[in-house]
Amino acid sequence: MAALTASQAPGALPARLAEPARQATPAERGPSVSGDTPYRTELPPLRTGKRKKGTGPVTGGGALPASVFAAYRNAERELARTRPGCGLRWQLPAAIGQVESGQARGGRVTADGTTVTPILGPRLNGGPFAVIRDTDHGVYDGDTAYDRAVGPMQFIPSTWARWGADGNGDGRADPSNVFDAALAAGRYLCADGRNLSDPADLDRAILGYNHSRAYLLTVRAWYAHFLEGHRVVPDGRAEAPGRPEPVHPGTPK
């Protein structure tokens with residue numbers, strides 16, 4: 001994991017994004033989408049010069065693999081249709097996907113958008129993590145004792161049971177599929193009538209993923225980065241720095 005955290009580099013955020021988050025409500029102190037598991041702390045690269053909004057190329061980290069980018073755009077279109085008041089922009093799930101899995105480990109996905117190998121967080125068995133005993137009989141995370149965050153958007157099984165979606169139309173809701181996971185993340189971010197153009201609602205949505213101010217600042221930094229421009233590369237070609245790859249199901253920690 002990169003040593004630099006968002007809280008160590010406040011200058012990386014535009015002034016509006018650096019405003020303090022409002023106090024979390026009791027509901028937001030409940031279980032988070034990801035179970036508050038570790039995330040990538042590296043910040044977006046600095047840009048030089050001017051470019052038109054929403055265009056590339058963008059040099060440095062944060063390149064978007066083609067299938068992953070398509071999944072975010074699909075989520076944006078679907079939420080514009082089903083929850084037009086939310087105002088979800090694809091750059092927000094992209095920012096979350098960057099810090100949760102490095103864009104599915106740099107786009108290591110099959111033709112239908114399923115990760116080539118499992119992306120699993122640590123066992124939520126206490127210590128530095130919450131204790132969340134198995135809720136899915138190991139169906140998604142391969143662990144029948146404790147839950148683990150699963151897939152490119154790092155849903156724990158209990159939150160997937162509520163927010164899971166079929167984003168690629170194959171009749172299945174799979175947290176390891178980037179299309180399904182991106183749509184599920186969009187559904188969560190738009191929940192409770194949120195308007196994501198409202199900074200307070202935006203903060204509320206992000207903090208529901210991970211109850212950490214440092215996480216909030218990191219995600220918002222990447223959100224601002226993608227709003228300014230993006231670069232799409234072939235699947236498997238994007239760099240995915242950050243924390244070591246999670247262990248596979250059944251592997252002792």
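The values are calculated or read from the model by the stated rules, or taken from the named source; none is laboratory data. Given the structure is predicted, the values throughout are model-derived calculations rather than measurements. Note: ideal-geometry Cβ built from the backbone for every residue, glycine included; neighbour counts use all protein chains shown. Only protein heavy atoms, including side chains, enter the accessible area calculation; ligands, DNA and RNA are left aside. Shrake-Rupley method; radii C 1.70, N 1.55, O 1.52, S 1.80 Å.
For this structure, a couple of remarks:
- Residue in region 91-106 that is open to solvent by 20 Å² or more (accessible area, probe 1.4 Å) and either among the hydroxyl-bearing types (Ser, Thr, Tyr) or part of a loop (DSSP other than H, G, I, E, B) (or both) present: no
- Restricting Ala200, Ala184 to residues that are open to solvent by less than 50 Å² (accessible area, probe 1.4 Å), assigned to a helix (DSSP H, G or I) and in contact with a Phe, Trp or Tyr (Cβ under 8 Å, 6 or more places away or on another chain) narrows the list to Ala184.
- Ala66 being of a type in the set (Gly, Ala, Ser), surrounded by 24 or more Cβ atoms within 10 Å (Cβ to Cβ) and touching a residue at least 40 places away in the same chain (Cβ under 8 Å): no
- Entry remark, region 117-127: residues being in contact (Cβ under 8 Å) with a residue 60 or more places away in the chain and open to solvent by 10 Å² or more (accessible area, probe 1.4 Å) number 4 in total.
- Test: Thr114 is hydroxyl-bearing (Ser, Thr, Tyr), out of contact with any Phe, Trp or Tyr (no Cβ under 6 Å at 6 or more places or on another chain) and without any contact (Cβ under 8 Å) to a residue 40 or more places away in the chain: no
- Residues (open to solvent by less than 60 Å² (accessible area, probe 1.4 Å), within 17 Å of Arg187 (Cβ to Cβ) and not in a loop (DSSP other than H, G, I, E, B)) located in region 128-171: Val150, Phe155, Pro157, Ser158, Thr159, Trp160, Trp163
- Subset of region 204-224 [of a type outside the set (Gly, Ala, Ser), open to solvent by less than 10 Å² (accessible area, probe 1.4 Å) and in a helix (DSSP H, G or I)]: Ile206, Tyr215, Leu216, Thr218, Val219, Arg220, Trp222
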